Amino acid sequence: MNNAIVVSNLHVSYYGKEVLQNIGFTISEGKSVGIIGPNGAGKSTLLKALLNLIPKDKGEITILGSELKEVRKRIAYVPQRSTIDWDFPITVKDTVLIGTYPTIGLLRRPGRLEKELALKCLEKVDMTEFQNRQIGELSGGQQQRVFLARALAQQADLFLLDEPFVGIDATSEEMIVKILKELRDVGKTIIVVHHDLNKAEKYFDELLLLNKELIAKGSVKEVFTPKTIASAYGGQLSFLDEVMAK
Amino acid sequence: MIHFIEAVMQYGFLQKALITSVMVGVISGVIGCFIILRGMALMGDAISHAVLPGVAISFMLGINFFIGAVITGILTAVGIGFINQNSRVKNDSAIGIMFTAAFAAGIILITFLKSSTDLYHILFGNVLAVRPSDMWMTLIVGVFVLVSVFIFYKELLVSSFDPIMSQAYGLPTKMIHYFLMILLTLVTVASLQTVGIILVVAMLITPASTAYLLTDRLSVMIGISATCGTISAIIGLYLSFTYNLASGATIVLVATALFFTAFIFSPKQGLLWRSIRTNKQKSAVS
């Protein structure tokens with residue numbers, strides 16, 4: 001099996017303050033992986049560093065077997081919901097259509113083919129009836145589904161999602177999980193920043209447990225040991241008890 | 001009104017004034033949409049003030065003042081970005097520091113030019129004194145700005161809406177930002193004679209904000225904004241000519257009147273319908 005992501009010796013800092021230290025891991029194609037860890041562990045930073053949205057101090061990153069700039073168009077990234085301006089004058093349909101922008105290139109406009117693709121993706125997340133709504137009129141879960149539809153429209157091989165389950169309803173969460181599993185089953189690689197330990201084992205094949213350093217990586221069983229959780233979540237005792245109780 | 005139309009037919013200076021201000025209304029309406037959606041209204045104000053030293057230097061060197069204006073406009077934009085990224089000074093403070101500095105330098109340079117009327121016209125505009133060369137320059141700039149927005153519409157849309165995603169798929173978002181700053185300085189210089197430096201920002205943000213209240217689609221918003229800019233220009237010029245009022249200020253006040261009309265009567269966002277809907281709901285449940 002090919003590797004979707006190979007990271008070695010990655011260091012990232014903000015203004016001299018180290019956020020990620022000596023991170024190294026490999027993710028095979030066709031896996032769904034959850035990045036978990038306490039607040040401020042550098043989960044989103046890792047995702048952004050993979051995409052070179054923040055510069056790294058040191059380290060090697062290979063994505064889909066090449067350098068990042070060769071494969072950018074094969075990656076779909078879903079940002080945290082809080083970074084989006086939900087008052088922006090754009091409809092649900094047009095938001096999904098943006099997913100086709102990377103591949104149609106400069107100077108061209110999305111045509112009939114792209115519009116059909118966008119509608120198909122909207123159908124997949126069951127949002128067709130909302131296609132002409134402004135995106136701010138939707139609930140949190142619906143918004144997240146629309147952004148997943150946009151990622152689907154990118155027809156990518158690697159999907160990176162930053163906290164997609166924050167502040168959304170159970171139905172939307174189930175639907176998103178189901179679609180992500182389907183994508184994995186057809187060989188796509190899924191990486192999700194996730195904060196809820198409870199559901200992590202149901203959602204992902206593998207976990208990356210992060211707290212500035214990589215604490216553990218592997219199957220859910222391998223990662224969820226009292227020792228690793230304690231070293232990641234050290235001070236946050238209530239959280240620890242919750243996990244221990246399971 | 002008929003008197004105004006007759007006058008436009010009759011007087012060349014009025015025709016030039018009308019064409020120039022309509023063009024300014026259109027292009028500032030179009031660029032203004034991107035400025036307000038990116039949360040850069042203050043930046044618009046800054047860049048418009050920052051062209052002053054460039055205009056002054058261009059006069060001294062006898063070169064076309066678009067060149068100097070674009071240079072000092074962009075330098076100021078770069079300076080604001082630099083301070084913002086390299087200190088804890090907040091963005092609005094960085095903008096305030098840099099544009100007032102540029103503006104102050106501009107005032108001193110202009111006084112070297114020895115004619116105080118120039119300064120007055122640059123600051124407040126004097127659309128009735130537009131020369132044919134100015135009008136053509138405005139038209140050329142206008143066409144350039146409109147064509148640029150048309151060509152890069154897709155990229156401007158996505159980088160304004162979701163800059164992180166655009167960067168993730170490889171769009172040069174920084175370059176797009178500075179390209180927009182260049183367009184902004186061009187629009188500012190084109191607007192100098194119509195509304196003047198001080199009030200340019202009104203033409204950028206007022207029609208665009210009016211449009212923002214009236215639609216949920218960017219393409220429609222741009223159309224409405226350009227239309228509001230045009231209507232403001234025509235009615236403003238008419239009032240200015242008929243009642244002998246300062247042209248730039250009159251145009252801006254017409255734009256403001258349009259904004260408040262939308263603010264109150266907009267079907268979706270307007271104050272009036274909102275309170276009617278609220279009251280209906282209240283009485284339905286009580």
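The values are calculated or read from the model by the stated rules, or taken from the named source; none is laboratory data. Everything numeric here is computed off the predicted structure, so don't read it as measured data. Don't worry about glycine lacking a Cβ; one is built from the backbone with ideal geometry, like all the others, and counts go over all protein chains shown. Heads up: the accessible areas ignore ligands, DNA and RNA and are worked out on the full protein's heavy atoms, side chains in. Shrake-Rupley method; radii C 1.70, N 1.55, O 1.52, S 1.80 Å.
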- Task: Would you mind checking which residues have amide H under 5 Å from A:Asn3's amide H? H placed 1.01 Å from N; only 5 or more apart, or other chain.
- Result: A:Glu29
- Karplus 3J(HN,Hα) series, Hz, for the stretch A:181-193 with 6.51 cos²θ - 1.76 cosθ + 1.60 (x for Gly, Pro): 5, 4, 4, 4, 5, 9, x, 7, 9, 10, 10, 10, 7
- HN-Hα J in Hz across the stretch B:48-63 - Karplus 6.51, -1.76, 1.60, θ = phi - 60°, x for Gly and Pro: 5, 6, 6, 6, 4, x, x, 5, 5, 4, 4, 4, 4, 7, x, 9
- Return the sequence-ordered ³J(HN,Hα) values of the stretch A:208-222 in whole Hz as given by the Karplus equation 6.51 cos²θ - 1.76 cosθ + 1.60 applied to θ = phi - 60°, using x for Gly and Pro. 10, 9, 10, 8, 6, 9, 7, 7, 7, 8, x, 5, 4, 4, 5
- Message: Return the equivalent ellipsoid semi-axes of the stretch B:52-189 as a descending list in whole Å, where each equals the square root of 5 times an eigenvalue of the C-alpha gyration tensor.
- Response: 30, 22, 11
- Two-site FRET efficiency, B:Ile5 against A:Lys69, from Cβ-Cβ distance with R₀ of 56 Å, rounded to 0.05: 0.45
- Query: Gap in Å between the Cα centre of the stretch B:221-286 and the Cα centre of the stretch A:171-202?
  - Reply: 47
- Query: Dividing the alpha-carbon radius of gyration of the protein assembly as shown by 2.2 N^0.38 Å (N being the number of residues), what value is obtained?
  - Reply: 1.14
- Taking the stretch A:76-130, which trypsin sites (Lys or Arg not before Pro) meet the DSSP loop condition and have no more than 13 other C-beta atoms within 10 Å? A:Arg108
- Report the chymotrypsin sites (Phe, Trp or Tyr not before Pro) located in the stretch A:11-88 that are in a DSSP loop and have at most 15 other Cβ atoms inside 10 Å of their Cβ, or state none. A:Tyr15, A:Trp86
- Note on the structure: Dividing the mean separation of Cα pairs under 8 Å (6+ apart) by the residue count of the stretch A:51-167 yields a relative contact order in percent of 41
- Query: Where is the GNM fluctuation largest for chain B (alpha-carbon springs, 10 angstrom cutoff): B:Arg88, B:Arg38, B:Arg131?
  - Reply: B:Arg88
- Item | the protein assembly as shown - percent of accessible surface contributed by carbon and sulfur, probe 1.4 Å | 61
- A:Arg109 paired with B:Tyr120, simple spin-label distance in nm, labels 7 Å along Cα-to-beta-carbon: 4.8
- Query: Taking the Cα centre of the stretch A:46-194 as origin and charging only Cβ (+1 Lys, Arg; -1 Asp, Glu), how large is the dipole, in debye to the nearest 20?
  - Reply: 540
- Query: Once a ≥ b ≥ c are taken as the square roots of the eigenvalues of the Cα gyration tensor of the stretch B:168-248, is the result rounded (a/c under 1.5), prolate (a/b larger than b/c) or oblate (a/b not larger than b/c)?
  - Reply: oblate
- Query: Relative contact order for chain B: what is it in percent, counting Cα pairs under 8 Å that are at least 6 residues apart?
  - Reply: 29
- Between A:Thr26 and A:Glu123, the two model label points (7 Å from Cα along the beta-carbon direction) sit apart by a distance in nm of 4.1
- Task: Before rounding to the nearest 500, sum -39500 (n - 2.57) across all DSSP H runs of length at least 4 in chain A and divide by the residue total; then give [θ] at 222 nm in deg cm²/dmol.
- Result: -10500 deg cm²/dmol
- Query: Once you have the alpha carbon radius of gyration of the stretch A:1-62, what is it after dividing by 2.2 N^0.38 Å, with N set to its residue count?
  - Reply: 1.11
- Item | Those lysines that a straight Cα-Cα span of less than 17 Å connects to A:Lys69, excepting residues fewer than 8 apart in one chain | A:Lys48, A:Lys56, B:Lys174
- Message: So with the 1.4 Å probe, I'd like the accessible area per residue for the protein assembly as shown, rounded to whole Å².
- Response: 45
- Whole-Å distance, taken between Cα centres, linking the stretch B:1-74 and the stretch A:13-57: 47
- Item | Calculated diffusion of chain B, Stokes-Einstein form, Kirkwood radius summed over Cα pairs, 37 °C and 0.692 mPa s, µm²/s | 166
- Item | Pair-distance profile P(r), taking every C-alpha pair of the stretch A:95-160, with 5 angstrom steps and integer % | 4, 19, 30, 24, 15, 8, 1
- Item | Percent RCO, i.e. relative contact order, over the stretch B:116-250, from Cα pairs under 8 Å lying at least 6 residues apart | 33
- Computed for A with B: buried accessible area summed over both chains, 1.4 Å probe, rounded to 100 Å², at 2700
- Under 5 Å from the placed amide H of A:Glu213, counting only residues 5+ away or on other chains, we find A:Gln21
- Asserting the computed 222 nm helical MRE of chain B (DSSP H runs at least 4 long, -39500 (n - 2.57) per run, divided by residue count, to nearest 500) equals -28000 deg cm²/dmol
- Indicate the residues belonging to the stretch B:170-214 that lose 40 Å² or more of solvent-accessible heavy-atom surface (probe 1.4 Å) upon moving from the chain alone to the assembly of all protein chains, ignoring ligands and nucleic acids. B:Tyr212
- Message: Modelling each spin label as a point 7 Å along the Cα-to-Cβ direction, I'd like the B:Thr256/B:Val147 distance in nm, to one decimal.
- Response: 3.7
- Treating the angle as unsigned and between 0 and 90°, give the value, to the nearest 10°, between the Cα long axis of helix A:140-153 and the longest Cα principal axis of chain A. 80
- Build a GNM of chain B with springs between Cα atoms under 10 Å: which of B:Thr227, B:Thr138, B:Thr111 gets the top mean-square fluctuation? B:Thr111
